[in-house]
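Below: one structure, written as C-alpha cells.
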Amino acid sequence: MISDILSDAKNDIEYYLTEVTFSDVYLNAKLREQLNELMINMEKIRVQLDTVPDIEQIFESIKTKIEERCKIADIECKRIIFDNDNSEGLEIFLKEGRSKRSVLISINNVRKARILLEHKFENYKFMSVYNGICSYEDKYIEVLINSLDKSSIHKIYDRLFNLDNSKNYINNILHENDTKLELTYNSSEGLNITILISPISDIAKTLLGNIQDDSISLKIIGLNITQQDKTVSYLEKYANSIFFQIDSVLGLPLTVQRIQTQEENILQHDAQTNLNIKYPVCQYDKEALSLYWYPEVLMKCLCYST
C-alpha cells in the first residue's frame with residue numbers, strides 16, 4: 001500500500017537526519033528544512049489514505065452529478081428508496097425503442113455509479129430487440145453473445161480466442177490482445193468500421209445489469225446510425241456473416257442474445273481450424289438465414305407441405 005511506503009520513507013529520512021553516524025552529511029540547513037517539509041506532507045497524505053472514506057458522502061456527490069447530467073440531457077431521473085435496506089438511490093430512464101428502461105443505482109454499488117460518470121451515459125439507448133446498447137452519437141453498437149449449443153463460457157473463450165491455458169481464461173481478460181477478435185473496414189461511403197468480439201465493456205455491463213463479469217459481446221463501431229430499426233438491421237447483417245464464418249471454421253455456434261427468452265441461432269459444425277474471419281462484404285438472404293437460424297420453422301413448413 002502507498003501509505004506503508006510513505007510511512008517507511010518518512011522513518012528512513014528521520015533516521016538519516018538524526019543518526020549520529022550521518023551528522024556530518026546533511027548539514028545544509030535549507031536541505032534539512034526541505035526534507036522536514038517533505039516528511040510533513042508525506043504524513044498528511046498517509047493519514048488521508050488510511051482514513052476510511054465516507055461512502056454515503058461519496059455516493060451523495062455522485063448522485064448529484066448524475067442528476068445534473070440527466071437534467072441537461074433531458075433524461076428522466078428520480079431518487080428512490082430501496083426496500084431491502086431502506087437506502088436512497090437513483091432510477092434513470094433511458095430510451096429503448098419507443099419505450100424506456102430503467103437503470104438502478106444504489107449505494108451498495110458505488111463503482112457502477114462511477115462508471116456512469118466516466119462515460120457519456122446520456123448518449124446510450126437500449127436495443128429494442130436484443131440484449132445490448134447503442135449510441136447514435138458515438139456510432140456504437142454492443143450486444144451480448146453466447147453459444148447456441150449452451151457451451152460454457154470457458155469453452156467459448158478457449159475456442160474463440162485460442163488461449164494457451166483456457167482454465168485461466170478469466171486472467172486472460174486482463175490482456176486485451178489475447179481476448180479479442182477485431183476486423184476493420186473502410187466502406188465505399190468513407191466510413192471506417194470496426195467489428196469487435198471481446199469481453200463486455202464496463203458501460204454495457206453497468207447499463208444492462210445482472211451481467212456476468214466474463215460475458216462476451218459483439219461491438220460494431222463507426223456506422224452512421226440514427227434510428228432503432230436501421231441499427232437492428234446493421235447488427236443482424238454483420239452478426240450473420242461473422243458468426244456464420246466462426247461456426248463454419250470452429251464449430252462454435254454463436255448467438256446474439258434477445259431481450260426475451262428467444263435467441264438468435266447461428267449455425268453448427270464440428271471443426272477445429274485456424275480462424276480467418278473476413279469482413280462481411282456479402283449480405284446473406286434474410287429469409288434463407290431465418291430458416292437457418294430457426295430450424296424449427298423449417299420443420300413446421302415441411303410438415304405442413306406434406
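The values are calculated or read from the model by the stated rules, or taken from the named source; none is laboratory data. Note that this is a predicted model, so its numbers are computed, not measured. Heads up, the Cβs are rebuilt from the backbone with ideal geometry, glycines too, and the neighbour counts pull from every protein chain shown. SASA here: full protein model, heavy atoms, side chains in, ligands and nucleic acids out. Shrake-Rupley method; radii C 1.70, N 1.55, O 1.52, S 1.80 Å.
Does the range 46-59 contain any residue that is within 22 Å of LYS205 (Cα to Cα) and either open to solvent by less than 40 Å² (accessible area, probe 1.4 Å) or assigned to a strand (DSSP E or B) (or both)?
Within the range 46-59 (the criterion being within 22 Å of LYS205 (Cα to Cα) and either open to solvent by less than 40 Å² (accessible area, probe 1.4 Å) or assigned to a strand (DSSP E or B) (or both)), the answer is yes, since at least one residue qualifies.
Please pick out the residue among GLN245, GLN260, GLN283, GLN272 that is within 16 Å of LEU160 (Cβ to Cβ), more than 19 Å from the chain's Cα centre (by Cα) and either in a loop (DSSP other than H, G, I, E, B) or at pLDDT 90 or above (or both).
GLN272
Do you know which residues across the range 202-225 are assigned to a loop (DSSP other than H, G, I, E, B) and either of a type in the set (Gly, Ala, Ser) or open to solvent by less than 10 Å² (accessible area, probe 1.4 Å) (or both)?
Hits for the range 202-225 are GLY209, SER215, GLY222, LEU223, ILE225.
Limited to the range 183-208, what total is found for residues that are at pLDDT 90 or above, farther than 20 Å from PHE161 by Cα and small (Gly, Ala, Ser)?
Qualifying residue count, the range 183-208: 1.
Among the residues of the range 60-89, write down those that are without any contact (Cβ under 8 Å) to a residue 40 or more places away in the chain, closer than 17 Å to TYR124 by Cα and not in a helix (DSSP H, G or I).
ASP74, GLU76, CYS77 - these are the residues of the range 60-89 that are without any contact (Cβ under 8 Å) to a residue 40 or more places away in the chain, closer than 17 Å to TYR124 by Cα and not in a helix (DSSP H, G or I).
Give the number of residues within the range 100-111 that are assigned to a helix (DSSP H, G or I), surrounded by fewer than 18 Cβ atoms within 10 Å (Cβ to Cβ) and in contact (Cβ under 8 Å) with a residue 40 or more places away in the chain.
Residues flagged as assigned to a helix (DSSP H, G or I), surrounded by fewer than 18 Cβ atoms within 10 Å (Cβ to Cβ) and in contact (Cβ under 8 Å) with a residue 40 or more places away in the chain within the range 100-111 amount to 1.
I'm trying to understand the selection: among the residues of the range 112-143, which are open to solvent by 10 Å² or more (accessible area, probe 1.4 Å) and closer than 20 Å to ASN240 by Cα?
SER128, VAL129, ASN131, LYS139, TYR140
Report the residue count in the range 88-129 for those that are under 16 Å from the mean Cα position of the chain (by Cα) and closer than 16 Å to ASP229 by Cβ.
Within the range 88-129, residues that are under 16 Å from the mean Cα position of the chain (by Cα) and closer than 16 Å to ASP229 by Cβ number 3.
When the residues of the range 13-26 are filtered to those that are open to solvent by less than 90 Å² (accessible area, probe 1.4 Å) and in a helix (DSSP H, G or I), which remaining residue is modelled with the lowest pLDDT? Give the derivation first.
Taking the range 13-26 first, the residues open to solvent by less than 90 Å² (accessible area, probe 1.4 Å) are 13-14, 17, 19, 22-23, 25-26.
If we keep only those that are in a helix (DSSP H, G or I) too, we end up with 13-14, 17, 22.
Working: ILE13: 91, GLU14: 89, LEU17: 88, PHE22: 83.
That would be PHE22.
Determine which single condition ASP85 fails, assuming it passes every other condition in (1) more than 15 Å from GLU60 (Cα to Cα); (2) of a type in the set (Asp, Glu); (3) in contact with a Lys or Arg (Cβ under 8 Å, 6 or more places away or on another chain).
(3)
Show the residue pairs meeting these rules: Cβ distance below 9 Å; 6+ apart or different chains; first residue within the range 185-204 and closer than 22 Å to PHE244 by Cβ and without any contact (Cβ under 8 Å) to a residue 24 or more places away in the chain; second residue open to solvent by 30 Å² or more (accessible area, probe 1.4 Å) and not in a loop (DSSP other than H, G, I, E, B).
SER198/GLU176; SER198/LEU181; SER198/GLU182
Say we look at the range 184-197 and pick out the residues that are among the polar types (S, T, N, Q) and touching a Phe, Trp or Tyr at 6+ places or on another chain (Cβ under 9 Å); which of these is least open to solvent (accessible area, probe 1.4 Å)?
Applying the filter and picking the extreme gives THR194.
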